[in-house]
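S.K.: Please see the structure below; I have some questions.
The values are calculated or read from the model by the stated rules, or taken from the named source; none is laboratory data. Keep in mind the model is a prediction, meaning the values are calculated, not measured. With ideal geometry, Cβ positions are generated from the backbone for all residues, glycine too; neighbour counts draw on all protein chains shown. Calculation scope for accessible area: heavy atoms of the full protein, side chains included, ligands and nucleic acids excluded. Shrake-Rupley method; radii C 1.70, N 1.55, O 1.52, S 1.80 Å.
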Amino acid sequence: MNEFRIPVGSWVEILFDFVTEYFSFFFDFIRFAFAGAFETVDYLLVSPPFYVIIGLAALLALAVRGWKFFAGTVIGLLLIVGMNQWENAMDTLALVLVASVIAIAMSIPLGILAAKSKAASSVIRPVLDFLQTMPAFVFLIPALLFFRVGEVPGIVATIIFAMAPGVRLTELGIRGVDSEVVEAGSAFGASPGRILRQIQLPLAMPTIMAGINQVIMLSLSMVVIAGMVGAGALGAEIMTSLSRIDIVLGSEAGLAVVILAIFLDRVTAAFGTGNTPISRLIALRKSRATVSASVESRIPVEPESVRL
């Protein structure tokens, strides 16, 4: 019995060797594109003085959550500067932004496809189950084989790991739209594309934004793990602290990750609800404009003879 063995690992190795040999040009293109995107975003975050980035983040916090979140954002980011982890934090944020944008751009169309087609859903769901149950560290192995050491395998592994909730919640949100509303749109002659854009997506937006929030949070957690494959940033600092059992470095890098996670979570959650200070201000101005227009329309206009 001990001699019997199914060589699944050997089959997987053969498959990877085949893909690496005949599709290396594709992986070279992906590596070039992802590396360029990361370097561009990282340059935009690292090159300005830290107070410029803090000011922009604080204004965003004020617009979406108000003064309390504004003060918390300023204090948290200044704490990162004080711990001398600013550049590593911006590298981590660049990795998260690039991976999240790509994962969201892939997950939302797949979620729409799964919601529109039962056949596609029956294929996509088992793949998502596989991705969500596979240990996170396993995604680093094929990423290393195809893209070598650096930021790119970390980004690829993060995309694969983080996109599943975006697909699931997009499908759930669109399927949860009231069928009577969709039927009413069809009755008025709206095309399927227009129903999707103007009815289903707006009504499903809170659920879709919850999926986007989860994608960003999973991206941040995976980016830290990606420090094992040379992705650098705060992940590398945490791995270094583990190897040295350095509680000072580990606590500072970990706290910087927590601050970034809270900021990104609160911002995306605010966009998901749509109840932000800036949205309330815009709604108030629109209501005032509507009231003033209605008042002006009721003012009688004097005839020309009377005015003369």
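S.K.: Can you go through Leu97, Leu140 and tell me which one is open to solvent by less than 30 Å² (accessible area, probe 1.4 Å), within 16 Å of Thr158 (Cβ to Cβ) and either at pLDDT 90 or above or within 20 Å of the chain's Cα centre (by Cα) (or both)?
M.R.: Numbers: Leu97 fails: open to solvent by less than 30 Å² (accessible area, probe 1.4 Å).
Of the residues listed, the single one that is open to solvent by less than 30 Å² (accessible area, probe 1.4 Å), within 16 Å of Thr158 (Cβ to Cβ) and either at pLDDT 90 or above or within 20 Å of the chain's Cα centre (by Cα) (or both) is Leu140.
S.K.: Mind listing just one residue for me: the one in segment 16-36 that is open to solvent by 100 Å² or more (accessible area, probe 1.4 Å) and more than 26 Å from Ser100 (Cβ to Cβ) and, of those, nearest to the chain's Cα centre (by Cα)?
M.R.: Taking the candidates together, the pick is Phe25.
S.K.: What number goes with the only condition from (1) without any contact (Cβ under 8 Å) to a residue 60 or more places away in the chain; (2) open to solvent by 10 Å² or more (accessible area, probe 1.4 Å); (3) of a type outside the set (S, T, N, Q) that Phe147 does not pass?
M.R.: Just one mismatch for Phe147, condition (1).
S.K.: Next question, about the same structure. Can you confirm whether Gly185 is in a helix (DSSP H, G or I), closer than 27 Å to Val127 by Cβ and at pLDDT below 85?
M.R.: Values: in a helix (DSSP H, G or I): yes; closer than 27 Å to Val127 by Cβ: no; at pLDDT below 85: yes.
The answer is no for Gly185.
S.K.: Please verify whether segment 53-69 includes one or more residues that are more than 26 Å from Pro153 (Cβ to Cβ), within 21 Å of the chain's Cα centre (by Cα) and not in a helix (DSSP H, G or I). Please lay out each step first, then the result.
M.R.: Initial filter on segment 53-69 (more than 26 Å from Pro153 (Cβ to Cβ)): 53-69.
Right, trim to within 21 Å of the chain's Cα centre (by Cα) and you get 53-54, 56-65, 69.
Next cut, not in a helix (DSSP H, G or I) only: 65.
Checking segment 53-69: at least one residue is more than 26 Å from Pro153 (Cβ to Cβ), within 21 Å of the chain's Cα centre (by Cα) and not in a helix (DSSP H, G or I).
S.K.: For segment 37-51, name all the residues that are of a type outside the set (Ser, Thr, Tyr) and surrounded by 11 or more Cβ atoms within 10 Å (Cβ to Cβ). Lay out the reasoning, then the answer.
M.R.: First, pick out the residues of segment 37-51 that are of a type outside the set (Ser, Thr, Tyr): 37-39, 41-42, 44-46, 48-50.
Within segment 37-51, Ala37, Phe38, Glu39, Val41, Asp42, Leu44, Leu45, Val46, Pro48, Phe50 meet the criteria.
S.K.: Right, here's the next one. Need the failing condition index for Ile6 against (1) in a loop (DSSP other than H, G, I, E, B); (2) within 21 Å of Ala157 (Cα to Cα); (3) aliphatic (A, V, I, L, M), just the number.
M.R.: Against the list (1) in a loop (DSSP other than H, G, I, E, B); (2) within 21 Å of Ala157 (Cα to Cα); (3) aliphatic (A, V, I, L, M), Ile6 comes up short only on (2).
S.K.: Would you be able to say whether some residue in segment 29-45 is of a type in the set (Lys, Arg) and closer than 30 Å to Ala270 by Cα?
M.R.: So the first thing to find is which residues in segment 29-45 are of a type in the set (Lys, Arg), and the list is 31.
Now drop any that are not closer than 30 Å to Ala270 by Cα, which leaves none.
For segment 29-45, residues of a type in the set (Lys, Arg) and closer than 30 Å to Ala270 by Cα: absent.
S.K.: Within segment 100-127, take every residue that is surrounded by fewer than 19 Cβ atoms within 10 Å (Cβ to Cβ) and aliphatic (A, V, I, L, M) and give me the one that is farthest from Gly254 (Cα to Cα).
M.R.: Ranking the qualifying residues of segment 100-127, first place goes to Ala119.
S.K.: Tell me which of these Val223 doesn't satisfy, since it passes every other one: (1) within 30 Å of Phe25 (Cβ to Cβ); (2) at pLDDT 85 or above; (3) among the β-branched types (Val, Ile, Thr); (4) under 14 Å from the mean Cα position of the chain (by Cα).
M.R.: (2)
S.K.: Which of the residues belonging to segment 16-40 are closer than 18 Å to Phe139 by Cα and modelled with pLDDT of 85 or more?
M.R.: Residues of segment 16-40 closer than 18 Å to Phe139 by Cα: 16-17, 19-20, 27, 30-31, 34.
Within segment 16-40, Ile30, Arg31, Phe34 qualify.
S.K.: So which pairs qualify, if the first residue must be in segment 1-30 and in contact (Cβ under 8 Å) with a residue 12 or more places away in the chain, the second must be surrounded by 10 or more Cβ atoms within 10 Å (Cβ to Cβ), the Cβ gap must be under 7 Å, and the two must be at least 6 apart or on different chains?
M.R.: Within 7 Å, the pairs are Phe16/Pro142; Phe16/Leu145; Thr20/Leu145; Thr20/Phe146; Phe27/Phe146; Phe27/Phe147.
S.K.: Among the residues of segment 246-253, is there at least one that is at pLDDT 75 or above, surrounded by fewer than 18 Cβ atoms within 10 Å (Cβ to Cβ) and not in a helix (DSSP H, G or I)?
M.R.: Here is the first cut: in segment 246-253, the residues at pLDDT 75 or above are 246-253.
Okay, now just the ones that are also surrounded by fewer than 18 Cβ atoms within 10 Å (Cβ to Cβ), so 246-251.
Now narrow it down to the ones that are not in a helix (DSSP H, G or I): 246.
Yes - at least one qualifying residue is present in segment 246-253.
S.K.: Looking for whichever is closer than 30 Å to Gly82 by Cβ, touching an Asp or Glu at 6+ places or on another chain (Cβ under 6 Å), of a type in the set (A, V, I, L, M, F, W, C) and open to solvent by less than 70 Å² (accessible area, probe 1.4 Å) here; the options are Ala226, Ala231. Which one fits?
M.R.: One residue alone meets the criteria, Ala231.
S.K.: Next question, about the same structure. Looking at Val215 and the list (1) open to solvent by 30 Å² or more (accessible area, probe 1.4 Å); (2) under 30 Å from Asp91 (Cβ atoms), which single condition is not satisfied?
M.R.: Exception for Val215: condition (1).
S.K.: Which of the residues that make up segment 138-159 are assigned to a helix (DSSP H, G or I) and among the β-branched types (Val, Ile, Thr)? Talk me through it step by step, then tell me what you get.
M.R.: Pass one, segment 138-159, residues assigned to a helix (DSSP H, G or I): 138-147, 151-159.
Those that are assigned to a helix (DSSP H, G or I) and among the β-branched types (Val, Ile, Thr): Val138, Ile141, Val152, Ile155, Val156, Thr158, Ile159.
S.K.: On the given criteria, is Leu131 touching a Ser or Thr at 6+ places or on another chain (Cβ under 7 Å) and open to solvent by 20 Å² or more (accessible area, probe 1.4 Å)? Please lay out each step first, then the result.
M.R.: Numbers: touching a Ser or Thr at 6+ places or on another chain (Cβ under 7 Å): no; open to solvent by 20 Å² or more (accessible area, probe 1.4 Å): yes.
The answer is no for Leu131.
S.K.: Something else about it: When you check Ile102 against the structure, is it closer than 26 Å to Leu15 by Cβ and touching a residue at least 24 places away in the same chain (Cβ under 8 Å), yes or no?
M.R.: Numbers: closer than 26 Å to Leu15 by Cβ: yes; touching a residue at least 24 places away in the same chain (Cβ under 8 Å): yes.
The answer is yes for Ile102.
S.K.: Tally up the residues in segment 12-47 that are in a helix (DSSP H, G or I) and either closer than 30 Å to Glu87 by Cβ or of a type in the set (A, V, I, L, M) (or both), please.
M.R.: Qualifying residue count for the region: 24.
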